[in-house]
1. Quick one: residue 95 ticks every box in (1) open to solvent by 50 Å² or more (accessible area, probe 1.4 Å); (2) farther than 21 Å from residue 174 by Cα bar one, so which box is it?
2. Return the residues of region 45-67 that are outside any helix (DSSP H, G or I) and either hydrophobic (A, V, I, L, M, F, W, C) or at pLDDT 85 or above (or both); say none if nothing qualifies.
3. Please determine whether any residue of region 150-166 is within 26 Å of residue 114 (Cα to Cα) and assigned to a helix (DSSP H, G or I).
4. Residue pairs, Cβ under 6 Å, 6 or more apart or interchain, first in region 23-44 and modelled with pLDDT of 85 or more, second open to solvent by 60 Å² or more (accessible area, probe 1.4 Å). List them.
5. Condition test on residue 130, is it open to solvent by 80 Å² or more (accessible area, probe 1.4 Å), within 26 Å of residue 94 (Cα to Cα) and of a type in the set (D, E, K, R)?
6. Considering only residues that are open to solvent by 60 Å² or more (accessible area, probe 1.4 Å) and within 19 Å of residue 169 (Cα to Cα), which ones fall in region 105-127?
7. Somewhere in region 141-150, is a residue at pLDDT 95 or above and among the basic types (Lys, Arg)?
Amino acid sequence: MKHFELSLMAIGLGFSLLLAAGCALTTDTVQCSKRDWYELGRRDGAQGQALDKIDQYAGECGRSSMSEWQTIYVNGRNAGLVEYCLPENAFELGRTAIPYWNVCPSTSEPSFLAAYRKGQNSLALESENRKLDQQIAILADQKNHAGSGFDKRRIEKEMMQLKKLRAQNTQKLNKSSE
């Protein structure tokens, strides 16, 4: 009798799993048909997502329905790329070390890359200035604890060189953000 009950439970469990899987598939299909594909594409484009992101959606929604929404998604993504590929955005992406995935159209890519490199250069200069500030602070502490006047003058001279280098970096930073 127990063997029979276990068999019935196994069959019931299997049936429940199949039913749940079928419902999930139907729910995903319904959700996919209700998605705003243009807006989804626009957001992905504005974030610089590569076009292969569409493969992820095709996996979620099924390749058979892809023809219904693919063109709408691509049109939205292209609209988002217009926003993403602006030089102002490129500068900030470079300055914050966000990678660029070669998604801008050839018409806007040269100006995008120029601004992106300026942003990367600004990031490097800002980083160098932080290091210089740390070195200057260490030297200032050493100067306060230096015994002889000779040591103090040597430290002051080194601090002046670092401050001069920092000022040059700041001047370059100001030029690159213009």
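1. Among (1) open to solvent by 50 Å² or more (accessible area, probe 1.4 Å); (2) farther than 21 Å from residue 174 by Cα, the lone unmet condition for residue 95 is (2).
2. 47, 48, 49, 50, 51, 52
3. The answer is yes, given that some residue of region 150-166 is within 26 Å of residue 114 (Cα to Cα) and assigned to a helix (DSSP H, G or I).
4. Pairs that qualify, where the first residue is modelled with pLDDT of 85 or more and the partner is open to solvent by 60 Å² or more (accessible area, probe 1.4 Å), are 37/72; 38/72.
5. When the stated conditions are applied, residue 130 passes them.
6. Within region 105-127, 117, 118, 120, 121 meet the criteria.
7. Looking for residues that are at pLDDT 95 or above and among the basic types (Lys, Arg), one finds none in region 141-150, hence no.
The values are calculated or read from the model by the stated rules, or taken from the named source; none is laboratory data. Nothing here was measured: the structure is a model prediction, and the numbers come from that model. Here Cβ is always computed from backbone atoms with ideal geometry, including for glycine, and neighbour counts include all displayed protein chains. Calculation scope for accessible area: heavy atoms of the full protein, side chains included, ligands and nucleic acids excluded. Shrake-Rupley method; radii C 1.70, N 1.55, O 1.52, S 1.80 Å.
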